[in-house]
Amino acid sequence: ETGVTQTPRHLVMGMTNKKSLKCEQHLGHNAMYWYKQSAKKPLELMFVYNFKEQTENNSVPSRFSPECPNSSHLFLHLHTLQPEDSALYLCASSQGVLFGDTQYFGPGTRLTVL
Amino acid sequence: AQSVSQHNHHVILSEAASLELGCNYSYGGTVNLFWYVQYPGQHLQLLLKYFSGDPLVKGIKGFEAEFIKSKFSFNLRKPSVQWSDTAEYFCAVGGGSQGNLIFGKGTKLSVKP
């Protein structure tokens, strides 16, 4: 248990569905992240939020829409996804975004797009 | 652009064998270096990290890593592996102003009992 929780743990959705992934951190951190983990590829950073403000969007398609209502919660809204979007989506948090700050990861949401 | 290379995709060892997993990075500035581990069915967790000072870093569960600046390397070592070390190991580099981590593709370690 790292203090970062993610729900749901598994999600199957059709290409026309709308769903949301939720992440919550109980560590008092100020920065939160979304990563995509696909088989045989490095973890890909998607979004970074620092003090609720988005500081990084790593050229992610608009069918992924993040939301950070406060420093403890992070959402990833999904809409009209493609089968190639099937992956493990990881949330992480850190004290800040300084390059020395350790990131703590949640267990991930395994997403399957049919 | 930053990048991280992990040379081995899958390493298979017997218990008590010594382990060394390679990690090389490309980045011209000051970096911080991390090794994360992902046990089967579990979340990514920090194994060890290097910020500054002694280039030989000791982490949890008997792991250590050595930062060799001239070689842009941060190899992970353990003198004697156990079956419970079976996991996937990820090297990561942090640098730049946003603190983003760049991950390698990971090395899967299988330890035979």
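Bear in mind these aren't lab numbers, they're just calculated from the coordinates by the rules spelled out. Everything numeric in this text was worked out from a predicted model, so none of it was measured. Using ideal geometry, Cβ is built from the backbone for each residue, glycine included, and neighbour counts are taken over all protein chains shown.
In square nanometres and to one decimal, what's the mean projected area of the convex hull around the Cα atoms of region B:11-59?
Computing the convex hull of the Cα atoms and averaging its projections yields 5.0 nm².
Under 5 Å between amide hydrogens, which residues at least 5 positions from B:K105 or on another chain qualify, with H placed 1.01 Å from N in the peptide plane?
Here the answer is B:Q6, since their amide H atoms fall under 5 Å of that of B:K105.
Which of the lysines could a cross-linker span from B:K105 if the Cα-Cα distance has to be under 26 Å and same-chain partners fewer than 8 positions apart are dropped?
Reachable lysines: A:K22, A:K36, A:K40, A:K41, B:K49, B:K58, B:K61, B:K69, B:K71, B:K78.
Per residue of B:38-44, count partner chain C-beta atoms within 10 Å of its C-beta, then hand back the mean as an integer.
Neighbouring Cβ atoms belonging to other protein chains average 5 per residue here.
When the distances between all Cα atoms of the protein assembly as shown are binned every 10 Å from zero, what whole-number percent does each bin get?
Whole-percent P(r) values from 0 Å outward: 8, 33, 35, 19, 5, 0.
What does the structure give for A:104-112 when I average, per residue, the other chain Cβ atoms found within 10 Å of the residue Cβ?
The per-residue average across the peptide is 2.
What ³J(HN,Hα) values, in whole Hz, does the Karplus curve 6.51 cos²θ - 1.76 cosθ + 1.60 give for region B:54-65 when θ = phi - 60°, with x put for Gly and Pro?
Using θ = phi - 60°, the values come out as 4, x, 9, 10, 9, x, 7, 6, x, 7, 9, 9 Hz.
From the phi of every residue in region A:36-45, what ³J(HN,Hα) in whole Hz does the Karplus formula 6.51 cos²θ - 1.76 cosθ + 1.60 yield, where θ is phi - 60° and glycine or proline is x?
10, 10, 10, 4, 6, 10, x, 4, 10, 5
About the Cα centre of chain B, what is the dipole size in debye to 20, counting +1 per Lys and Arg Cβ and -1 per Asp and Glu Cβ, all else neutral?
For chain B, the charge dipole is close to 80 debye.
Please list the radius of gyration and Dmax for chain A, considering alpha-carbon atoms only, with Å as the unit.
Looking at chain A, its Cα Rg and Dmax stand at 13.2, 40 Å.
Provide the packing ranking of B:77-83, A:14-20, i.e. peptides ordered by the mean count of other C-beta atoms within 10 Å per residue, highest first.
Final packing ranking: B:77-83, A:14-20.
Taking θ as phi - 60°, what are the ³J(HN,Hα) couplings along region B:2-9 by the Karplus curve (6.51, -1.76, 1.60), each to the nearest whole Hz, with x for Gly and Pro?
6, 8, 10, 10, 10, 6, 9, 7
Using only the alpha carbons of region B:29-97, determine the length spanned along each of the three principal axes and report them from longest to shortest in whole angstroms.
The Cα atoms of region B:29-97 stretch 36, 27, 17 Å along the principal axes, largest first.
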